[in-house]
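To start, the structure under review is shown below, and the notes come after it.
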Amino acid sequence: MVRTSKGLTQRHQKILEYLGERQSKGYPPSIREIGEATDISSTSVVTYYLKQLEEWGYIERDAKFSRALRLSGSTSHNLFKVPILGPIAAGFPIQVPAPGETYIGDEIDGVDVARSLLPLGEKGIDLFALKVQGESMIDAMVNDGDIVIMKRTEQASNGEMVAVWLPARDETTLKYFYKEKDRYRLQPANPTMGPIFVNKSEPLEIKGKVVMVIRSVVTSVA
């Protein structure tokens with residue numbers, strides 16, 4: 001099973017990089033060659049990724065010829081890298097990384113995002129990424145292992161999904177934010193979990209709000 005969304009995973013990016021290398025040599029690769037170059041053993045999985053890249057406008061293909069594929073003209077300037085700054089809990093709050101420490105997932109410290117997939121009007125400025133740990137936001141289609149693209153902000157409206165830092169607890173969490181009369185409510189999107197309540201006398205800092213979710217890719221071999 002493959003699970004993804006309109007965001008580039010490492011495998012998508014590896015395929016694009018390999019296609020760029022082959023395109024510079026003047027001839028496209030076969031499906032099997034793409035798989036071998038990107039460590040994907042199944043040709044059907046390679047085809048699946050290529051279909052997505054075509055749908056999102058990264059590549060162009062000619063259905064009449066098996067090797068007739070190339071990078072679209074807008075691919076190179078459409079991509080930009082968003083830094084992964086750390087983990088974020090979608091469950092119980094977890095400790096924030098130490099100063100200067102970053103959370104490196106799968107030996108990468110950034111994720112490639114297409115500008116065209118960002119919300120209307122978003123320029124990609126002041127964005128950062130966090131890797132989700134936990135399942136409290138699963139009803140919002142945010143799962144363990146996913147990457148959330150955040151826009152830096154210190155303000156949020158009720159109902160927005162935000163990264164919140166609780167200085168007194170030295171903890172951070174990803175939840176829906178609600179400002180109530182005498183407290184803040186950090187609401188999960190999982191009916192099996194209760195909200196986190198924070199008194200207004202306790203400091204609470206909003207670090208960013210979610211603008212995009214990049215699904216982790218899970219593959220299984222039958």
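Just to be sure before I move on: is PRO203 over 20 Å from the mean Cα position of the chain (by Cα), over 27 Å from PRO83 (Cβ atoms), in contact (Cβ under 8 Å) with a residue 24 or more places away in the chain and outside any strand (DSSP E or B) in the structure I sent? The answer is no for PRO203.
Answer yes or no as to whether VAL162 is hydrophobic (A, V, I, L, M, F, W, C) and in contact with a Lys or Arg (Cβ under 8 Å, 6 or more places away or on another chain). Criteria met by VAL162.
Scanning segment 179-222 for residues that are touching a strand residue (DSSP E or B) at 6+ places or on another chain (Cβ under 8 Å), aliphatic (A, V, I, L, M) and under 17 Å from ASP144 (Cα atoms), we see that the one that is modelled with the highest pLDDT is ALA189. Can you find a residue in segment 44-55 that is part of a helix (DSSP H, G or I), surrounded by 14 or more Cβ atoms within 10 Å (Cβ to Cβ), at pLDDT below 75 and not small (Gly, Ala, Ser)? No. When the criteria are applied in full, MET150 fails the requirement of being closer than 22 Å to GLN10 by Cα and exposed (fewer than 12 other Cβ atoms within 10 Å of the Cβ). Filtered by the rule that a residue be on the phi < 0 side of the Ramachandran plot and surrounded by fewer than 22 Cβ atoms within 10 Å (Cβ to Cβ), segment 132-145 gives GLN133, GLU135, ILE138, ASP139, ALA140, ASN143, ASP144. Residues VAL148, VAL198: which one is touching a residue at least 24 places away in the same chain (Cβ under 8 Å), in a strand (DSSP E or B) and more than 15 Å from ALA90 (Cα to Cα)? Going through VAL148, VAL198 in turn, the sole match is VAL198. Looking only at residues in segment 29-43 that are in a helix (DSSP H, G or I) and β-branched (Val, Ile, Thr), the one that is nearest to GLN10 (Cα to Cα) is ILE34.
Looking at segment 170-183, is at least one residue outside any strand (DSSP E or B) and among the aliphatic types (A, V, I, L, M)? No, because not a single residue in segment 170-183 is outside any strand (DSSP E or B) and among the aliphatic types (A, V, I, L, M). Just the residues that are under 22 Å from GLU135 (Cα atoms) and among the hydroxyl-bearing types (Ser, Thr, Tyr), please, taken from segment 147-206. If the condition is that a residue be under 22 Å from GLU135 (Cα atoms) and among the hydroxyl-bearing types (Ser, Thr, Tyr), then THR172, THR173, TYR176, TYR178, TYR184, THR192 are the ones that fit.
The values are calculated or read from the model by the stated rules, or taken from the named source; none is laboratory data. Model, not experiment: these values are computed from the prediction. Methodologically, a virtual Cβ is constructed for each residue, glycine included, from the backbone with ideal geometry; neighbour enumeration extends over all protein chains shown.
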